[in-house]
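I have placed the structure first, in the form of structure tokens, so that the comments after it can refer back to it.
The values are calculated or read from the model by the stated rules, or taken from the named source; none is laboratory data. This one's a predicted model, so the numbers in the text were calculated from it and none came from an experiment. Every residue, glycine among them, receives a Cβ derived from its backbone with ideal geometry; neighbour counts consider all protein chains shown. With ligands, DNA and RNA removed, areas are computed over all heavy atoms of the protein, side chains included. Shrake-Rupley method; radii C 1.70, N 1.55, O 1.52, S 1.80 Å.
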Amino acid sequence: MRRWMGAGFVGLVGLTCLGTAAEAQRAAPRHEVVASWPKPLPDNLILGQVAGVAVGKNDTVWIIHRPSTLVEDELGAARTPPETRCCKAAPPVLQFSSDGKLLKSWGGPGQGYDWPKSEHGIH
């Protein structure tokens, strides 16, 4: 009984995947890595772990990252006095043009509102 159920399951999955794969090949967008995207951030800003990416109107790209994942060695410019020229954590939310230029950024802990301890996603 167990052997038959296993073979039937594999056959069913195989048939399902064949149909789905053929459909997916026709409908799926093609993506490629662009090493120069995004452009370098201004003011020696760097990103921590990226928690979410979303594409908005006019193909702008929104990223939310976790500044708290950067380690002390990466943040010499944020110390008082600065120990190095680089780097400082970028604000958690960044908006880029489709060609990778930073348009605006914001977010993080502040007075008058609550900010999550660990950023999770962006929509």
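At a glance:
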read-out	value
Of residues in region 98-110 being out of contact with any Pro (no Cβ under 9 Å at 6 or more places or on another chain) and either modelled with pLDDT under 90 or open to solvent by less than 50 Å² (accessible area, probe 1.4 Å) (or both), the one nearest to residue 48 (Cα to Cα)	109
Qualifying residue in region 75-86 (condition: in contact (Cβ under 8 Å) with a residue 40 or more places away in the chain, surrounded by 10 or more Cβ atoms within 10 Å (Cβ to Cβ) and either assigned to a loop (DSSP other than H, G, I, E, B) or under 16 Å from the mean Cα position of the chain (by Cα) (or both))	yes
Failed criterion for residue 113 (all others in (1) in a loop (DSSP other than H, G, I, E, B); (2) in contact with a His (Cβ under 9 Å, 6 or more places away or on another chain); (3) open to solvent by 50 Å² or more (accessible area, probe 1.4 Å) hold)	(2)
Residue in region 49-62 that is under 15 Å from the mean Cα position of the chain (by Cα) and assigned to a loop (DSSP other than H, G, I, E, B) present	yes
